[in-house]
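Presented below is the structure to which this report refers.
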Amino acid sequence: MQTMENTEQSLIDTSEGFVADGSVDSKGRIAKKSETGGWRAVPLIFGTELCERIASLGLQRNLVTYFVKKMNLSNPKSANMVSNFVGTLYLTPFVGAFMADSYLGRFWAIVVFAMIQVLGMVVLTLSASLSSLRPPPCSSSTPCRAAHGLELMVLYAGLYLIALGNGGIKPNVSSLGADQFDEKDAAERQHMPHFFNWFYFIISIGSLLSVTVLVYLQDNVGFEWGFGIPAALMAFAVIIFFSGASLYRYKRPTGSPFTRVAQVLVAAVRKRNFPLPSDRGKLYGADNKRPGILAVKMLPQSNQLMYISLLIHLCLSTWAYLADESALGKGSV
């Protein structure tokens, strides 16, 4: 009698109606090719990415002008605030990728973090719209007062909610799009390059619209509209994306590479004196036969880049020697 995992693997291998890469549908079942993924799901991902690019980049391009003209901040302080904000935008994807790989999966990571970004954009729009959340404009009769206190708190809250939310979208949208094509199916695999070509074309279109249309609105109509429209677009993007939940293919969270790297480093230190096994296949500790786990691609050990292994061994040996010397020194005192 076949076990559950053998039955599942047999279903994946022998039925042409199901994907072979382990993707599941919205109900957790092995995904059917005729009902999920492929080009039927990709347009929704493209629409989401287009709205997200317009919204995110439309806010970034003119922030210095907003800080100087509306928040009465100095040019150096404004430039520093924008630099910190943009730097955070490039750091938060590590958080978003970790959460997606370890806990949420790509779909729910995008939904949750996109809602956080929408919240941040609404807060920023309120900052630009409500006179109580920004300093009075400079005039000959009114001395210039820079934003402070609650005004800065609301401004920072909006900016860094946007940065956090963007961190869950940026690393996961393209990966989710690639998940819609079965990499073990030759016919579907050949569509992946076309998907990425269109994906980056959409990004370019979004960037163009953000630096032209939205910057024009901010400069000539007002920042409340220049921030409000991107917020509405981002909310619309969440609705578009969520509406395709039944069409997507999903990869189950399998753990973050950061966790595995940390485990390897700890194991390497703890087992630095262990002799290598004669059978190199024993170097792999992954169990590929657990239910629901497809075979993991194993990279064979090679003699390439041996100098890195030697360098690591030398560093570990030196560290162990110094630790022993330190222990002997303390014992002799």
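The set of residues in region 156-177 being more than 18 Å from Ala231 (Cα to Cα) and surrounded by fewer than 17 Cβ atoms within 10 Å (Cβ to Cβ) consists of Ser175 alone.
Taking residues in region 145-173 that are under 15 Å from Lys70 (Cα atoms), and partners anywhere that are modelled with pLDDT under 90 and not in a helix (DSSP H, G or I), the pairs with Cβ atoms closer than 6 Å and at least 6 places apart or on different chains are Arg145/Pro135; Ala146/Asn72; Ala147/Pro135; Glu151/Arg134. Among the conditions (1) open to solvent by 10 Å² or more (accessible area, probe 1.4 Å); (2) within 18 Å of the chain's Cα centre (by Cα); (3) not aliphatic (A, V, I, L, M), the only one that Ser56 does not satisfy is (1). Of all residue pairs spaced 6 or more apart or on separate chains, those with beta-carbon atoms under 6 Å, a first member in region 111-135 that is closer than 13 Å to Met153 by Cα and open to solvent by 10 Å² or more (accessible area, probe 1.4 Å) and a second member that is of a type outside the set (A, V, I, L, M, F, W, C) and assigned to a loop (DSSP other than H, G, I, E, B) are Arg134/Lys70. Within region 244-257, the set of residues being open to solvent by 60 Å² or more (accessible area, probe 1.4 Å) and modelled with pLDDT of 90 or more comprises Ser246, Lys251. Pairs are defined by a Cβ separation below 6 Å, a sequence spacing of at least 6 or placement on different chains, a first member in region 207-221 that is within 18 Å of Leu50 (Cβ to Cβ) and touching a residue at least 24 places away in the same chain (Cβ under 8 Å), and a second member that is aliphatic (A, V, I, L, M) and surrounded by 17 or more Cβ atoms within 10 Å (Cβ to Cβ); the pairs so defined are Ser207/Leu57; Leu209/Ile54; Ser210/Ile54; Ser210/Leu57. Among the conditions (1) loosely packed, with under 14 Cβ neighbours inside 10 Å; (2) closer than 20 Å to Trp39 by Cα, the only one that Val221 does not satisfy is (2).
Of the helices (runs of 4 or more DSSP H) lying entirely inside region 147-219, those containing at least 3 residues that are under 19 Å from Ile116 (Cβ atoms) and small (Gly, Ala, Ser) span 150-169. Among the conditions (1) buried (at least 19 other Cβ atoms within 10 Å of the Cβ); (2) not in a helix (DSSP H, G or I), the only one that Thr142 does not satisfy is (1).
The values are calculated or read from the model by the stated rules, or taken from the named source; none is laboratory data. Please read these numbers as outputs of a predicted model, since none were measured by experiment. Neighbour counts are summed over all protein chains in view; Cβ atoms, including those assigned to glycine, are modelled from backbone coordinates with ideal geometry. Remember, those area values only see protein heavy atoms, side chains included, never the ligands or the DNA or RNA. Shrake-Rupley method; radii C 1.70, N 1.55, O 1.52, S 1.80 Å.
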